[in-house]
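What follows is a set of notes on a single structure, which appears directly below.
The values are calculated or read from the model by the stated rules, or taken from the named source; none is laboratory data. Not measured: the values here are computed from a predicted model. All Cβ positions, even for glycine, are placed from backbone atoms using ideal geometry, and neighbour counts span all protein chains on display.
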Amino acid sequence: MSAASPTNFLLGSEDRLFQPNLRLRVGEHVVDVGALRLMTRPDYPRLTRKAIAVLLQLVRDRGNTVTREQLLDRVWANRVTTPDVLTQAIKELRRAFADDTKPSRYIETIPKVGYRLLADVAVLDPASGTLGVRTLPRQAGNDPYLEADVSPLIVTPAAVPARPQRYWPWLMLAGIAALVAAFVLRSAPSTMHSAWHVGDVRLLTSDPGSEDRPHVSPDGTRVAYSKVDPQSHRARIMLRAIGKTQSQQWTSSADANEDTPVWSPDGSSIVFERVADNSCELVIAPNLGGETSVAGRCQNPLTNYYDWLPDGSALITAERSEQSKGHLALVQWDLASGTKKSLDYPHAGEDEDLNAHYSPDGRWLAFRRGLAPYSDIWVVGADGKNPRQLTHLRASIRGYTWSRDSSALILASNHEGRFGLYAVDLKDAAMQSLQISPAEFPDAARHDDTVVYEIPRIQYKLTELKLGSQAEAPHALAPSTGSETQPTFSPVGDRIVFVSDRSGAQQLWLYDGANNATTALTDFREALLSNPSWSADGAKVLLTVRKPNQAQLVEIDLASRRQRVLSRPGDDVHSGHYGPVPDSVLLTLGVPGKDNQLLLVEHVSSAQEQRRLLDTGLWYSTFDVTTQRLFYSRSTRMGVFARTISGSGEQSPETLVAADIMDSWRVVEGRIWYLTRSQAVSKTIELRERDPLDGSERTLARIAGDMPDTVFSVAPTRDRITYVSLGSEDTDIGAFRMTRTGVSSY
């Protein structure tokens, strides 16, 4: 993108920067000024009002230098401040536009003078509802990629030739998206004879705060969801008519959070979850309000998914029981008597089944097998016979729903990089991307083509907590306007690697605590990064890189930034850790239709490479140098296990941690450190240590509030940990209409 000539530009007789519902195209991005949003990056946090105000001032003088003094006077008028506030606003805009190249493509710094906007600018017509390039991921709002009805904001004098609109980046992206889509569809299990058409993509809510877990009424006219009440600071059930802008809150004085509403098949009632510090119950209420009734107590809220039977007489959920040997299995919950009975369907003793939904026609029952993040959808007849695995994703599935005609499932999965919506045909398991992303927890109306879903807008931040005599309040590390996850301490020195989207796309970053410096280690595009793991000398990092139809284990040399792929073509890599001997890794692979495998790979990525299967069905594993033992948790059994690499001497979970902690534990000099909800202090997470030799435990620290992710890392000095805390949350609800098209070449 070339710089503009320093020429005065005209706004015309009316300053269009003050029109209502203003949306600006700035370079390759679309900014919703009123909502403080980048519509081309819908999962990016809201911009601050001051950053938007600075942007507008730069737009007014596009191509010319605006001095720092002018910007401070216009944006921070009559306020006592420092020049740093302007510097931070410029940094915020550059991060939002992913303007990390040199020279800058968007905002140029004029040393000791000010700033100049370089990017092309146009006002988007707010009356337009056209969604431009349909092959790109759709965003609720209808015009993030608008190509028609674009009115020029800048009128260029005749002496300066007008430059054409730069549409080629969008067309190029469209072509890439089309190629990726074609590749995905060619790899589908079989031919799909009809495709799904998505239209009328729109935003239902955009209120401050988060609107969560939407559920649409059977006739598609209303949506129920949960939202935190600012007075009680508790989540409450909200109702909103689709197409209306006002919501109705159900009156409730319960000292508990009420969320996850689900309409009954006839639309007369709503069941929802009421969760207090030490209790969980399901409550049923008439859809127009009135007397509520408690269906009964539920088990663990983290795995408490539920839905109605087709006739509305009972609920279906999943619970752990003596009959299921402590594993999650499907149960029916009769509302008249309050009794529960196990569902009669084929399942193995160690299966973890949950999140069941009957099809609208009552013929099928779908459920999720496997706890996050490695799940798949299974389908069984309503009579409990002929179960079959419908998907083979081995990925996170954040919600799914049946299509109106019971012919397909609509699910949210991140198997292609980030969470988006997909339709899976019931007959032949063919999968079609609906090109809606980011999106989670879809729900389809039973008698209408309307589908609602969550638009996740959550920011996570790195947090450090000191332990022992130096204990103090948690504090942020490497702050940014992006979202950070998976921090991992180096075993040597004071460095942390973490995954962040602060540059616009997920990358692996390095934070050096010695000099408080943060640098990017990778430059991936459209990839999901996970499970960073250090070498023992702190010189290299392993990283799982997942792209459409590909998941690799990549090794990064920190000194040279060189990358080396250690996995083989066709490997479905879940994670990798350095092994017990030099030039070896412990590699966890997904296997379609089977439990994942843990392999010991020696002489990795060489002609002498050898692979040995150590175990199957493992969730998280690590090799402890101190004890020379392999520690791991299983995807189908609770607890942390330990054994030698050769397989001898496995310890049962009863001697370690008998809790559903999955991957929120670490091995520290032979002891298990893990995070769990405190039983003694309300709204508190405890960091605990357990000695596997004698079973003794002690509390190391308490962290106030809930944690969005209980994964943590321990410093090599053992005097502090780093984890992820919630920075901001502003999830909205979107909707679209989904119909079958004619015969397709899929």
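At-a-glance table
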item: Selected residue (criterion: farthest from Arg629 (Cα to Cα)) from residues of region 674-689 that are surrounded by fewer than 19 Cβ atoms within 10 Å (Cβ to Cβ) and touching a Ser or Thr at 6+ places or on another chain (Cβ under 7 Å); result: Thr684
item: Filtered residues of region 247-282 (kept if more than 13 Å from Val294 (Cα to Cα) and among the charged types (D, E, K, R)); result: Asp255, Asp259, Asp266, Asp277
item: Meets criteria (touching a Leu at 6+ places or on another chain (Cβ under 8 Å) and either in a loop (DSSP other than H, G, I, E, B) or farther than 23 Å from Ala444 by Cβ (or both)) for Val271; result: no
item: Unmet requirement for Leu510, which otherwise passes all of (1) of a type in the set (A, V, I, L, M); (2) closer than 19 Å to Leu529 by Cα; (3) out of contact with any Leu (no Cβ under 7 Å at 6 or more places or on another chain); (4) not in a loop (DSSP other than H, G, I, E, B); result: (3)
item: Region 711-733, residues that are in contact with a helix residue (DSSP H, G or I) (Cβ under 9 Å, 6 or more places away or on another chain) and assigned to a loop (DSSP other than H, G, I, E, B); result: Arg718, Asp719
item: Among the residues listed as Asp73, Asp43, the single one being charged (D, E, K, R) and in a loop (DSSP other than H, G, I, E, B); result: Asp43
item: Failed item in (1) closer than 24 Å to Leu371 by Cβ; (2) crowded, with 17+ Cβ neighbours inside 10 Å, with Ala295 passing the rest; result: (1)
item: Selection count where residues are more than 15 Å from the chain's Cα centre (by Cα) and part of a strand (DSSP E or B), scope region 417-431; result: 5
item: Residue tally, condition farther than 17 Å from Ser264 by Cα and either modelled with pLDDT of 95 or more or of a type outside the set (Val, Ile, Thr) (or both), over region 339-362; result: 15
item: Condition met for Val54 (free of Cβ contacts under 8 Å to residues at least 60 places away in the same chain and either surrounded by 22 or more Cβ atoms within 10 Å (Cβ to Cβ) or within 30 Å of Glu440 (Cα to Cα) (or both)); result: yes
item: Single residue of Ala53, Ala98 found to be at positive phi, in the same structural domain as Leu124 (by TED's automatic domain parsing) and of a type outside the set (Phe, Trp, Tyr); result: Ala98
item: Number of the exception - His327 against (1) touching a Ser or Thr at 6+ places or on another chain (Cβ under 6 Å); (2) more than 22 Å from Ser359 (Cβ to Cβ); result: (1)
item: Among residues of region 663-686, those that are within 30 Å of the chain's Cα centre (by Cα), in contact (Cβ under 8 Å) with a residue 12 or more places away in the chain and in a strand (DSSP E or B), counted; result: 12
item: Candidate set from region 433-484 (those that are of a type in the set (A, V, I, L, M) and in a loop (DSSP other than H, G, I, E, B)); member that is nearest to Ala89 (Cα to Cα); result: Ala478
item: Enumerated strands (runs of 3 or more DSSP E) restricted to region 178-231, each holding at least 1 residues that are modelled with pLDDT under 85; result: 194-203
item: In region 447-469, the residues that are over 16 Å from Pro214 (Cβ atoms) and either in contact with a helix residue (DSSP H, G or I) (Cβ under 8 Å, 6 or more places away or on another chain) or polar (S, T, N, Q) (or both); result: Gln459, Thr463, Ser469
item: Residue in region 264-278 that is buried (at least 18 other Cβ atoms within 10 Å of the Cβ) and at pLDDT below 85 present; result: no
item: Residues of region 311-323 satisfying the condition of being farther than 20 Å from His357 by Cα and either surrounded by 17 or more Cβ atoms within 10 Å (Cβ to Cβ) or assigned by TED's automatic domain parsing to the domain that holds Pro218 (or both); result: none
item: Selected residue (criterion: modelled with the highest pLDDT) from residues of region 363-372 that are of a type in the set (Gly, Ala, Ser) and either closer than 21 Å to Asp449 by Cα or crowded, with 22+ Cβ neighbours inside 10 Å (or both); result: Ala366
item: Cβ-Cβ under 7 Å pairs, at least 6 apart or on other chains, region 366-380 side on the phi > 0 side of the Ramachandran plot, far side in a loop (DSSP other than H, G, I, E, B); result: Gly370/Glu352; Gly370/Ser635
item: Residue within region 522-533 that is among the small types (Gly, Ala, Ser) and either at pLDDT 85 or above or assigned to a strand (DSSP E or B) (or both) present; result: yes
item: Residue among Tyr422, Tyr400 that is aromatic (Phe, Trp, Tyr), in contact with a Leu (Cβ under 7 Å, 6 or more places away or on another chain), surrounded by 24 or more Cβ atoms within 10 Å (Cβ to Cβ) and within 22 Å of Leu302 (Cα to Cα); result: Tyr400
item: Qualifying residues in region 91-144 (those that are in a loop (DSSP other than H, G, I, E, B), within 16 Å of Leu24 (Cβ to Cβ) and over 31 Å from the mean Cα position of the chain (by Cα)) - the one modelled with the highest pLDDT; result: Leu118
item: Single residue of Val591, Val604, Val581 found to be within 15 Å of Ser533 (Cβ to Cβ) and not in a strand (DSSP E or B); result: Val604
item: Per-region count, region 687-710, residues part of a strand (DSSP E or B) and within 17 Å of His475 (Cα to Cα); result: 7
item: Leading residue by the ranking (modelled with the highest pLDDT) among those in region 244-262 that are surrounded by fewer than 18 Cβ atoms within 10 Å (Cβ to Cβ) and assigned to a strand (DSSP E or B); result: Gln248
item: Pro261 being touching a residue at least 40 places away in the same chain (Cβ under 8 Å) and touching a Gly at 6+ places or on another chain (Cβ under 6 Å); result: no
item: Which numbered condition Pro708 misses (of (1) touching a residue at least 60 places away in the same chain (Cβ under 8 Å); (2) buried (at least 18 other Cβ atoms within 10 Å of the Cβ); (3) not charged (D, E, K, R)); result: (2)
